[in-house]
Amino acid sequence: MKEEAGVDLPQALPTGPSAFIPIEEIVEGSAQEVMSEALLSEGRADHINMMMGLHPTYLTCFLRTHNALLQLDGPLPLSWRHFIIILASARHQCSYLVQHHSSAFLLAGGDESWLRGLHCAPPKIQHLQTLNKLLAHRPWIITQEHIQELVCPGAEARWSLAELIQAIVLMSHAHSLASFVWGCGVLPEPEQSGDASLQMCSPTESCCARDKARNQQEWTEAVNEVKLLMEKMMIVQQQVQRSVLPDCFSRFVVDADFTYQDFSPRGVQAPPTMRAQDYSWEDHGFSLMNRLYGEMAQLLDEKFQVVCALTYNTMAMHSDVDTSTLRKAIWNYIHCIYGIRYDDYNYGEVNQLLERSLKVYVKTVACHPEKTTPRMYFSFWRQFRHSEKVHVNLLLMEARLQAALLYALRAITRYMT
């Protein structure tokens, strides 16, 4: 009766691919042929694939890029690629990716001692930690000096440009994928949940049930007392989690206090905005990537184009809707958060089209995804389908990825010239 009256009730801990989306909707919405492709390429359809399967055209592009990064020939050994993703995922406390790629690292012949922490890895990998934290949190700070420190012929444990560009794509890919995992409430697969050290850090399971009891007018005094206590517990637990990084992440993270800060905080001198007319993916980033990592440039470009054009011409219960202005507003808002501006875009459209709850969600998932809560997910676009919210997360993930790559590629361009 309470549910029929529109009152959210406390729920049991979720099962299935997502803490936010009912498993029935994910299974019904995923295209069978695309999931079969995931099974063939990965040997299994993991929870990320199942969530992206709600948008099969995008999933096909994602799988091609993901598999090329981690499986095809390249300058970096396969085990190194997985370890770099572990380092990048740990910056956002993404236990799903840390655990998955820890297993893949060992299967690829990686040295088990490296999993004890970054300090056990070779100095060459340790030297990535500065670039890793900048790409994760403040890519606009990256300069040609950061590139030079890694590739300079006299540098200790020197990186070649080919190796470095692959590492940059791996780190940026992992950072943005962590945003997707957090933004969609992706839960670990059953085989992952056996690792106690990482299960403790599994973020979405721990707080989603406690975050759904609201509407005090409909509750009795006793239930309100329980709800209040649960909320206090959640606040305390979140404060502890954010002030003390669990060991399953801290062993891979250097300078854990370095996090996202607003690109242009009020009253503070901000770095110059990157004008898309001066350095864009289409005119600059793609051509440089094509020279250094040709196949990946083509795959990334296709993925960016597919996600920007992705539409079913629907919006909630409406059909035959042109959603291009809304998709562009979400993309440009994320780039704006990262200091990238388009001179030919009217940013008034962002405030017109994106309600406050959506902007809070988007900024949280894009900039510090580990702070995403179920309440944020459920509070925006209440009448929309879950697949449409996943669509937002795809736009968010790719816009974030492109922004980070643009700053890194601009620094490489300046180093080379």
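The values are calculated or read from the model by the stated rules, or taken from the named source; none is laboratory data. Keep in mind that what you see is a predicted model, and the values were worked out from it rather than measured. Cβ sites come from the backbone with ideal geometry, for glycine too, and all protein chains shown count toward neighbours. The accessibility values were calculated without ligands, DNA or RNA, using every heavy atom of the protein model including side chains. Shrake-Rupley method; radii C 1.70, N 1.55, O 1.52, S 1.80 Å.
Translational diffusion coefficient of segment 66-184 at 25 °C, 0.890 mPa s, Stokes-Einstein with Kirkwood Rh over Cα pairs, in µm²/s as a whole number.
Values: Rh = 14.5 Å.
Translational diffusion coefficient: 169 µm²/s.
So for 417, 373, what's the accessible-area order with a 1.4 Å probe, most first? Please list the in-between numbers first.
Numbers: 417 140, 373 20 Å².
Largest accessible area first, the list is 417, 373.
Enumerate the whole-percent occupancy of each 10 Å bin, from 0 to the last occupied one, for all C-alpha pair distances of segment 40-126.
16, 47, 30, 8, 0
Convert 4 °C to kelvin, take the viscosity as 1.567 mPa s, use the Kirkwood radius over C-alpha pairs of segment 279-417 as Rh, and evaluate the Stokes-Einstein diffusion coefficient in µm²/s, rounded to a whole number.
On the way: Rh = 16.2 Å.
Estimated diffusion coefficient is 80 µm²/s.
Give the peptides 126-134, 364-372, 289-297 in descending order of average Cβ contacts within 10 Å, highest first. Kindly include the intermediate steps, with their values, before the conclusion.
Details: 126-134: 20.2, 364-372: 21.8, 289-297: 17.6.
The packing order, highest mean first, is 364-372, 126-134, 289-297.
Let me know the Rg and Dmax you get for segment 263-339 when you use only its Cα atoms, in Å.
Gyration radius and largest Cα-Cα distance of segment 263-339: 16.4, 46 Å.
Taking a quarter of the surface of the Cα convex hull of segment 102-172, what do you get in nm²? Mind showing how you got there, number by number?
Details: hull surface 21.1 nm².
Averaging across all directions leaves 5.3 nm² for the Cα convex hull.
Express the C-alpha Rg of segment 276-320 as a ratio against the empirical globular expectation 2.2 N^0.38 Å, rounded to two decimals.
On the way: Rg = 15.0 Å, N = 45, 2.2 N^0.38 = 9.3 Å.
Ratio of Cα Rg to 2.2 N^0.38 Å: 1.60.
Could you please put 81, 251 in sequence from largest to smallest accessible area, using a 1.4 Å probe? Could the numbers behind the result be given before it?
Working: 81 5, 251 60 Å².
If we order 81, 251 from most to least accessible, we get 251, 81.
Does segment 308-349 classify as rounded, prolate or oblate by the C-alpha gyration tensor (a ≥ b ≥ c root eigenvalues; a/c under 1.5 gives rounded; else a/b over b/c gives prolate, otherwise oblate)? Write down the numbers at each step before the final one.
On the way: a/c = 2.83, a/b = 2.46, b/c = 1.15.
Prolate is the answer for segment 308-349, as a/c is 1.5 or above and a/b outweighs b/c.
Within the set of other residues whose C-beta is less than 15 Å from the C-beta of residue 25, count the net charge using Lys and Arg as +1 and Asp and Glu as -1. Mind dumping the intermediate values first?
Values: positive: 385, 389; negative: 24, 28, 388.
Local charge sum for residue 25: -1.
From the cross-link list 124/303; 124/359; 328/371; 124/389; 124/363, which pairs have alpha carbons spaced over 28 Å apart?
Numbers: 124/303 30 Å; 124/359 39 Å; 328/371 25 Å; 124/389 40 Å; 124/363 33 Å.
With Cα atoms farther than 28 Å apart: 124/303; 124/359; 124/389; 124/363.
Cβ under 14 Å from residue 175's Cβ, residue 175 left aside: what net charge do those residues give with Lys, Arg +1 and Asp, Glu -1?
Working: positive: 91, 133, 138, 400; negative: 370, 398.
Summing Lys/Arg as +1 and Asp/Glu as -1 gives +2.
Hey, got the dipole for segment 330-417? About the Cα centre, +1 on K and R Cβ, -1 on D and E Cβ, debye to the nearest 20?
Working: 12 positive and 7 negative charges, 64 e Å.
Magnitude of the dipole: close to 300 debye.
Could you sort 377, 279 by accessible area so the largest value comes first, with the probe set to 1.4 Å? The partial results should precede the final answer.
Details: 377 0, 279 20 Å².
So the residues, ranked largest to smallest area, are 279, 377.
In a shell of Cβ-Cβ distance under 14 Å around residue 409, excluding residue 409 itself, what net charge do Lys and Arg (+1) and Asp and Glu (-1) give? Numbers along the way, then the final one.
Details: positive: 291, 410, 414; negative: 278, 282, 283, 301.
Cβ neighbours under 14 Å give a net charge of -1.
Could you tell me, in Å, what Rg and Dmax come out for the Cα atoms of segment 335-417?
Both quantities, over Cα of segment 335-417: 15.1, 51 Å.
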